[in-house]
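Structure first, commentary second.
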Amino acid sequence: MNRRSLLFGTVAMYAARMPMARASQPSTYEEAVHLVWRPLDPARGARELVRAATLAANSHNTQPWRFILSDNIITIRPDLVRRCPVVDPDDHHLFASLGCAAENIVQAAPIPMLQSIPSIRARSPSLSTALRRRTTRSPMRSRSANARVPSMMAVP
């Protein structure tokens, strides 16, 4: 499921409740925005979390994700058709976009009284390595600069 199909599904659901004259789609941009950015509806459960995820920041506005809903699990997978190989040859931005979508789900889950437990299933050795990588987050050590460095930078 992507943002476009979710938007059209939402519009169709609301259109079913509207009079027939307005059943096709919102008549103004403001109506369409209202449908997309409305508050989360707890009665819709996981589908509302997916809607929140589709509003996440993403690389070049490509919405490079696919959502799979099953039981109480939302799976986010990359939509490689939406890659931008020229500006993102290593797919870094694509996977950062997936992270943004996942974070939107985590942030939105408490609203409909749901719990989110994110997990990553790495399928490549490089991803497994990246997930284990840590930094110390310690303050930088103050060391005196080598005496040669300032003389190398001096203007003759």
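The values are calculated or read from the model by the stated rules, or taken from the named source; none is laboratory data. Computed from a predicted structure; not experimentally measured. All Cβ positions, even for glycine, are placed from backbone atoms using ideal geometry, and neighbour counts span all protein chains on display. When the accessible area is computed, the model is the full protein with side chains, heavy atoms only, and any ligands, DNA or RNA have been set aside. Shrake-Rupley method; radii C 1.70, N 1.55, O 1.52, S 1.80 Å.
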Worksheet entry | Failed item in (1) open to solvent by 80 Å² or more (accessible area, probe 1.4 Å); (2) touching a residue at least 40 places away in the same chain (Cβ under 8 Å); (3) among the charged types (D, E, K, R), with ARG77 passing the rest | (2)
Worksheet item: Among the residues of the stretch 92-129, which ones are at pLDDT 90 or above and among the charged types (D, E, K, R)?
Response: GLU103
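Tell me which residues, restricted to the stretch 39-51, are under 16 Å from ASN72 (Cβ atoms) and under 18 Å from the mean Cα position of the chain (by Cα).
ALA46, ARG47, GLU48, LEU49, VAL50 - these are the residues of the stretch 39-51 that are under 16 Å from ASN72 (Cβ atoms) and under 18 Å from the mean Cα position of the chain (by Cα).
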Practice prompt. Search the stretch 49-69 for residues that are open to solvent by 30 Å² or more (accessible area, probe 1.4 Å) and pair each with any residue that is of a type in the set (S, T, N, Q) and outside any helix (DSSP H, G or I) when their beta-carbon atoms are under 9 Å apart and the residues are at least 6 apart or on different chains.
Written response: ARG66/ASN2; ARG66/THR75; ILE68/THR75; LEU69/THR75
Worksheet entry | Pick from the stretch 100-115, criterion touching a strand residue (DSSP E or B) at 6+ places or on another chain (Cβ under 9 Å) and farther than 12 Å from GLN63 by Cβ, ranking: most open to solvent (accessible area, probe 1.4 Å) | ALA102
Discussion item. Condition first: among the hydrophobic types (A, V, I, L, M, F, W, C) and without any contact (Cβ under 8 Å) to a residue 24 or more places away in the chain. Now tell me which residues in the stretch 80-98 satisfy that.
Written reply: LEU80, VAL81, VAL86, PHE95
Fill in: Output for the stretch 80-97, where each listed residue is open to solvent by 20 Å² or more (accessible area, probe 1.4 Å) and in a helix (DSSP H, G or I)
LEU80, VAL81, ARG82, HIS92, HIS93, PHE95, ALA96
